[in-house]
1. May I ask you to list pairs of residues, at least six apart or on different chains, whose Cβ atoms are under 9 Å apart, with the first in the range 59-79 being closer than 26 Å to Ser28 by Cβ and the second being surrounded by 13 or more Cβ atoms within 10 Å (Cβ to Cβ) and among the aromatic types (Phe, Trp, Tyr)?
2. Looking at (1) modelled with pLDDT of 85 or more; (2) polar (S, T, N, Q); (3) outside any helix (DSSP H, G or I), which one does Thr27 not meet, given that it meets all the others?
3. Looking at the range 48-76, which of the residues that are among the basic types (Lys, Arg) and either at pLDDT below 90 or closer than 21 Å to Gln8 by Cβ (or both) is surrounded by the most Cβ atoms within 10 Å (Cβ to Cβ)?
4. Can you tell me which residue is modelled with the lowest pLDDT among those in the range 1-24 that are more than 21 Å from Tyr59 (Cα to Cα) and of a type in the set (Ser, Thr, Tyr)?
5. Quick check, is Ser85 small (Gly, Ala, Ser) and at pLDDT below 90?
Amino acid sequence: MTEIKLIQSEVENALSELKNKADGFDTSNPSISFSESRLDLLAEITKMEQKYYSIIDQYQNLLIRTEQDMRTLIEQLVQKDKELSQKMK
């Protein structure tokens, strides 16, 4: 049977780096202003810009949730490992 070796400090460092990068991800809209025009193109560009920032915000939230879930799962794995090692003694 293959053993799964978990080095918690390495995982914690990687998760902290992921969280820092996700937190530092700029999802703010720089409010680029377009010249006033009644062309349909301008309306489409504005819609695309709004969707773009919405998707970036969703992506950032997904990264943060993933990081939090991974921390929880790693902690559960460590706890189960400790419980098993206590039972084996």
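1. Once the first residue is closer than 26 Å to Ser28 by Cβ and sits in the range 59-79, its partners that are surrounded by 13 or more Cβ atoms within 10 Å (Cβ to Cβ) and among the aromatic types (Phe, Trp, Tyr) give Tyr59/Phe25; Gln60/Phe25; Leu63/Phe25.
2. (1)
3. So the first thing to find is which residues in the range 48-76 are among the basic types (Lys, Arg), and the list is 51, 65, 71.
Cutting the leftovers down to either at pLDDT below 90 or closer than 21 Å to Gln8 by Cβ (or both) gives us 65, 71.
On the way: Arg65: 11, Arg71: 16.
Within the range 48-76, the match that is surrounded by the most Cβ atoms within 10 Å (Cβ to Cβ) is Arg71.
4. Of everything passing the filter in the range 1-24, Thr2 is modelled with the lowest pLDDT.
5. Values: small (Gly, Ala, Ser): yes; at pLDDT below 90: yes.
Yes; evaluated as a whole, the condition is true for this residue.
The values are calculated or read from the model by the stated rules, or taken from the named source; none is laboratory data. The structure presented is a predicted model; accordingly, all values stated were derived computationally and were not measured. Ideal geometry is used to build each Cβ from the backbone, glycine not excepted, and the neighbour counts take in all protein chains shown.
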